[in-house]
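Undergrad: Input: one structure, supplied below.
The values are calculated or read from the model by the stated rules, or taken from the named source; none is laboratory data. The structure displayed is predicted, hence computed values, not measured ones. Note that we place each Cβ from the backbone using ideal geometry, even for glycine, and neighbour counts take in every protein chain shown.
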């Protein structure tokens, strides 16, 4: 479980770093189609949030903390949905989700969670497959890194320094 705690802390730090850099971009730069899976930086950041909220719910068995401006739970309808229209709002919720992910990994470690526990996962075609908790956690953290890599590629193409991304060179807390 120590590895998953490390990945959760890395995720939190990288998201803070990427959101800080993206905060320097105008809305047009954030929303421009760059040819990645979800088109733009903004859509990619939204997709990562959707997936993280989903996996957090699956692992903790608690409702997502994501809410609309009235405080109502946010309904997720698709993997490419825009959750929030402004980066500042998305960033606010990103921070909350990241803290919950770290807390989730720490709780799993503290309770000596059974990583062989099976989770049901419904695919887009409606079929259900099962994964072990271990495999789901591996997928979860790999998914984040994969899509954040698309964002950093776009930032590189825009000649924007997004800082160090190498886990080995980071002090994680």
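Undergrad: Within the set of pairs 6 or more residues apart or between chains, which connect a residue that is exposed (fewer than 12 other Cβ atoms within 10 Å of the Cβ) inside segment 110-137 to a residue that is in a loop (DSSP other than H, G, I, E, B) with Cβ atoms less than 7 Å apart?
TA: So the pair list comes out as 129/123.
Undergrad: Taking the criterion of being surrounded by 15 or more Cβ atoms within 10 Å (Cβ to Cβ) and in a strand (DSSP E or B), would at least one residue in segment 9-23 satisfy it?
TA: Looking for residues that are surrounded by 15 or more Cβ atoms within 10 Å (Cβ to Cβ) and in a strand (DSSP E or B), one finds none in segment 9-23, hence no.
Undergrad: Shifting gears a bit: Is there a residue being within 14 Å of residue 14 (Cα to Cα), at pLDDT 95 or above and either part of a loop (DSSP other than H, G, I, E, B) or in contact with a strand residue (DSSP E or B) (Cβ under 7 Å, 6 or more places away or on another chain) (or both) anywhere in segment 110-131?
TA: Taking every residue of segment 110-131 in turn, none turns out to be within 14 Å of residue 14 (Cα to Cα), at pLDDT 95 or above and either part of a loop (DSSP other than H, G, I, E, B) or in contact with a strand residue (DSSP E or B) (Cβ under 7 Å, 6 or more places away or on another chain) (or both).
Undergrad: I've got another one for you. Answer yes or no as to whether residue 85 is under 19 Å from residue 30 (Cβ atoms) and exposed (fewer than 13 other Cβ atoms within 10 Å of the Cβ).
TA: yes
Undergrad: Which of (1) in contact with a strand residue (DSSP E or B) (Cβ under 8 Å, 6 or more places away or on another chain); (2) free of Cβ contacts under 8 Å to residues at least 24 places away in the same chain is the odd one out, the single condition residue 35 does not satisfy?
TA: All conditions pass for residue 35, except number (1).
Undergrad: Would you pick out the residues in segment 33-70 that are out of contact with any helix residue (DSSP H, G or I) (no Cβ under 8 Å at 6 or more places or on another chain), over 23 Å from residue 18 (Cα atoms) and part of a helix (DSSP H, G or I)?
TA: Scanning segment 33-70 gives a single hit, 57.
Undergrad: When segment 51-96 is examined, which residues are found to be out of contact with any strand residue (DSSP E or B) (no Cβ under 8 Å at 6 or more places or on another chain), in contact (Cβ under 8 Å) with a residue 24 or more places away in the chain and closer than 25 Å to residue 117 by Cβ?
TA: Scanning segment 51-96 gives 51, 52, 53, 55, 56, 60, 65, 76, 79.
One line per residue, one yes/no per condition, for (1) at pLDDT 95 or above; (2) in contact with a helix residue (DSSP H, G or I) (Cβ under 7 Å, 6 or more places away or on another chain); (3) in a helix (DSSP H, G or I); (4) within 21 Å of residue 47 (Cα to Cα):
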| site | (1), (2), (3), (4) |
| --- | --- |
| 85 | no, no, no, yes |
| 92 | yes, no, yes, yes |
| 97 | yes, yes, yes, yes |
| 106 | yes, yes, yes, no |
| 137 | yes, yes, yes, yes |
| 144 | yes, yes, yes, yes |
| 153 | yes, no, yes, yes |
| 156 | yes, no, yes, yes |
| 165 | no, yes, no, yes |
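Undergrad: On the basis of being more than 20 Å from the chain's Cα centre (by Cα), touching a residue at least 40 places away in the same chain (Cβ under 8 Å) and either surrounded by 12 or more Cβ atoms within 10 Å (Cβ to Cβ) or not in a strand (DSSP E or B) (or both), does residue 160 make the cut?
TA: In short, yes.
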